[in-house]
Amino acid sequence: MGLSELQQNAVRELLRAAPVAGELGRKFAAAGHALHLVGGSVRDALLGRLGDDLDLTTGARPEQVLSLAEGWADATWDTGIAFGTVGMSRRGFKLEVTTYRAEAYDPGSRNPAVAYGDSLVDDLRRRDLTVNAMAVALPDWRAPDAFVDPFGGLDDLAAGLLRTPGRPQDSFSDDPLRMLRVARFASQLDFRIDPAAVEAMTAMADRLAIITRERVKEELSKLLVGMQPRRGLELLVGTGLAAYVLPELPALRLEIDEHHQHKDVYEHTLQVLERAVRLETDGPDLVLRLAALLHDIGKPRTRRHEPGGGVSFHHHEVVGAKLARKRLQALTYGKDVVEAVTLLTAMHLRFHGYGQPGTSPWTDAAVRRYVTDAGPQLERLHRLTRSDCTTRNRRRAAALSLAYDDLEARIARLREQEELDRIRPDLSGEQVMELLGLPPSRPVGLALAHLLELRMEHGPLGHDRAVAELLAWAASRDLPGA
């Protein structure tokens with residue numbers, strides 16, 4: 001993107017934000033404080049995608065910022081005040097105002113020590129990348145000297161380059177998380193990386209061990225939902241950072257030799273991720289992308305060399321599901337994400353018994369179980385399964401695609417005939433207790449499980465047949481009511 005286009009973008013975006021940001025700038029100026037739009041907000045304005053969240057910086061201390069916001073902001077919050085940040089909202093915009101600061105990690109610390117500064121340039125110097133180290137003065141953002149770019153961020157943005165404001169070794173030493181942020185922005189912006197930064201990341205990868213899992217998770221998630229996640233992941237693996245974030249990923253680079261031929265699992269995984277991204281319909285899907293990334297992590301532990309030079313990975317989906325759960329929990333992902341990715345990993349091979357030569361055709365019961373087991377993850381499972389076909393054999397790829405088309409068509413037909421997404425026994429628990437004369441108890445649960453199995457196998461039974469099946473089942477167990 002050329003400089004002229006970047007500048008045109010910025011004018012258009014700042015015109016939209018100016019009524020609110022400029023108004024706040026005038027309040028700060030009247031109180032004797034400078035206020036600048038800064039960092040990601042300036043970068044995004046230049047790229048033509050400034051949102052309603054604005055980052056600003058000032059020499060005023062947090063308590064002064066709160067005082068200035070009083071009576072002007074629609075709401076304020078101070079959850080980030082320990083790091084010098086005051087949040088506020090005004091006419092649909094969310095603004096975060098941060099006092100000039102410098103922060104660094106002590107060698108044994110897991111959290112940064114924050115110190116306030118008095119210089120905008122010093123504040124910009126401590127930022128992660130030059131493209132994030134630009135500022136625009138408020139309220140007079142059109143003034144000739146309003147744009148502040150001491151480290152060449154505008155030129156780097158135009159060139160598509162990620163570079164640190166100073167020596168990368170100094171930047172990464174001050175805050176090792178910046179190494180992950182480089183990888184994250186490589187994914188989000190699809191920019192190339194300054195070789196000096198890559199060299200420093202490789203040499204200093206072990207410094208990432210001092211960062212809290214929560215902060216690592218946040219950067220990994222942002223990397224994965226970027227427009228080029230493969231680029232960021234390859235940087236993590238190539239520099240050794242992945243060993244401290246997702247060690248299962250570099251472990252997929254299994255040794256491949258002429259005697260034991262098998263698919264390059266690492267390359268296959270990245271291809272599955274890329275294919276999954278292309279199948280998304282409603283924006284980036286973190287759960288789908290995590291599942292694509294982790295679906296084969298059980299292969300290194302299950303690899304076996306077979307007679308004749310073959311390689312097998314029996315039950316790698318079971319092992320992989322356990323490993324995925326453990327890794328995601330260690331990264332502090334929430335239960336919903338952990339359970340969804342674990343399920344998708346466990347089920348990603350289920351389809352491969354469908355419509356293949358030498359396999360028995362799936363019954364309607366098998367289709368019902370597939371849908372029921374996938375539950376709310378069914379659509380993601382469709383996308384993951386389709387993405388998992390990375391074969392270069394066009395005939396095989398076409399056959400797999402047609403087979404899955406057929407499975408989805410069968411699911412659709414069964415949905416029209418039955419409440420496929422809400423399969424329940426044909427009788428309720430209350431009906432079972434009344435028919436068998438039982439109180440709430442284990443036999444009632446067993447009876448319902450039996451009726452559910454019949455429902456899965458045969459479809460809707462109807463009331464009369466369900467009653468007959470229940471009574472026959474009860475009689476075989478000498479239960480009351482039979």
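The values are calculated or read from the model by the stated rules, or taken from the named source; none is laboratory data. Remember, it's a predicted structure, so these values are computed and weren't measured experimentally. Because the Cβ atoms are built from the backbone with ideal geometry, glycine has one as well, and the counts that use them run over all protein chains shown. To get the accessible areas, we keep the full protein, side chains included, count just its heavy atoms, and leave off ligands, DNA and RNA. Shrake-Rupley method; radii C 1.70, N 1.55, O 1.52, S 1.80 Å.
Okay, here's what the table says:
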{"quantity": "Helix-only [θ]222 nm of the chain, DSSP H runs n ≥ 4, -39500 (n - 2.57) each, per residue, nearest 500", "calculated": "-16000 deg cm²/dmol"}
{"quantity": "Mean separation of Cα contacts under 8 Å (6+ apart) over length of the chain, as relative contact order %", "calculated": "8 percent"}
{"quantity": "Estimated Rh, the range 331-482: Kirkwood, alpha-carbon pairs, angstrom", "calculated": "17.8 Å"}
{"quantity": "Residue-normalised accessible area of the chain, expressed per residue, 1.4 Å probe, Å²", "calculated": "47 Å²"}
{"quantity": "Ratio of the Cα radius of gyration of the range 292-357 to 2.2 N^0.38 Å, where N counts its residues", "calculated": "1.26"}
{"quantity": "Counting DSSP beta bridges with both ends in the chain, the antiparallel % (nearest 5)", "calculated": "75 percent"}
{"quantity": "Candidate residues 173, 387: accessible-area rank, largest first, probe 1.4 Å", "calculated": "173, 387"}
{"quantity": "Cα-based Rg / Dmax (Å) for the chain", "calculated": "28.8, 92"}
{"quantity": "Longest exposed-site-free window of the chain, the sites being GluC sites (Glu not before Pro) in a DSSP loop that have at most 14 other C-beta atoms within 10 Å", "calculated": "71-254"}
{"quantity": "Share of carbon and sulfur in the accessible heavy-atom surface of the chain [1.4 Å probe, %]", "calculated": "50 percent"}
{"quantity": "10 Å binning of all Cα-Cα separations within the range 17-107, expressed as whole percents from 0 upward", "calculated": "17, 52, 26, 5, 0"}
